[in-house]
Amino acid sequence: MGNSQSHSSEPFTENGVEKYAKFDDDWFAEGASRYAYRGKINSVSMGWFKRSERCVVKLYKEKYSARLKEDAWKADNRASLKAQETSVAFNVHYSGKSSARVEVLTPTISQVKTFAAHKQLVGDPVPKTIRGTHIGRTAKADVMVPEGASVAIERLLPGRYVHFLSNSSYVNPDVDTLVPEAFSHFTYHESEGEILVMDLQGVYNGKSYVFTDPSVHSMEKHGKKFGYYGPADLGVYGVMKFFLDHKCNRLCKGLLTPDTSGIPIEMRGDLIQAIKAIEARSSTTYTYELVVNSGLAAEKLQNLHTEIAQALTKSGSTIPETVC
Ligand SMILES: [Zn+2]
């Protein structure tokens, strides 16, 4: 690894054991709301026989959280839990139907250790900067490390990490995506048109897929904002984009698809404009990009999202006759 690891998280309990994560001084990837660091999970009362486990620590940007009315990790956590819940239903539904199993990991949420407590625990000071190299630049980016800031800690999965399907319907052409694509479609079916789980990345071991950090597009019937599941929740626009691009496979048989016949004509122009603004690409597409690229105001997109979600419900998108 080569990097020094002088950041730490607050302790958290896992299977009755108190642990904490140490992580690199330099982040290796940056998203809209988080920086990602390589790290290790250790036991607080580390014995010689206990090994540390490799992990990824994602630090939430203070600036991003400040724009939201709640802590940013809460929306991500909702997305992971929702995806995990649907993966359990997927495994039951496809049991005995020659499909690999799917699993969704949920991260452990903790905070950056505060300086005083950190000294007691590990004995070395916490650097005051967040460092990392921006892609395409050589300069280091220095930002203050907020002690107490939220971090999501994910175990590093053994195996080859693959991005199977992005949240904008990009399908990785180099790997078999039959199960990941069917899983996404299934999440719409299982939730009766309420959500669509996408951005499926993780490892496949020949028998099962383990996904981390999925995105959820919300289409709640009660008009929840399309950012309800975090910055990669593209709402009804992400759902419609998926079904426009998706080619059903043998595992999709009998799954519900949206019935768009109930969408009022006067809304279709803006809807198409918004869907066209989502370019199928491997990297994550964020809600703010939808606003910028569609040329439609955030409020307009929100209202249209709510009205179309309701129109789809009324038109019977959740009635089992509308099947794939
Ligand atoms: Zn399908």
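What follows is calculated from the coordinates using simple rules that are stated; it is not laboratory data. Quick caveat, the model's predicted, so the values are computed rather than measured. Heads up, the Cβs are rebuilt from the backbone with ideal geometry, glycines too, and the neighbour counts pull from every protein chain shown.
Once you order the gyration tensor axes a ≥ b ≥ c over the Cα atoms, which shape class does segment 157-324 get: rounded for a/c under 1.5, otherwise prolate or oblate by comparing a/b with b/c? Oblate, since a/c reaches 1.5 and b/c is not below a/b. Pairs exceeding 20 Å between alpha-carbon atoms, taken from Lys276/Lys300; Lys40/Lys207; Lys241/Lys276; Lys82/Lys225; Lys97/Lys207: Lys40/Lys207.
Each peptide in 184-191, 97-104 receives the mean, over its residues, of other Cβ atoms within 10 Å, and ordering these scores from highest gives 184-191, 97-104. When the charge dipole of segment 157-324 is built from unit charges on Cβ atoms (+1 for Lys and Arg, -1 for Asp and Glu) and taken about the Cα centre, the candidate among Ser218, Pro258, Gly235 whose Cα reaches farthest toward its positive end is Pro258. Annotation for Phe243 and Asp176: the two label points, set 7 Å from Cα along the Cα-Cβ direction, are 2.9 nm apart.
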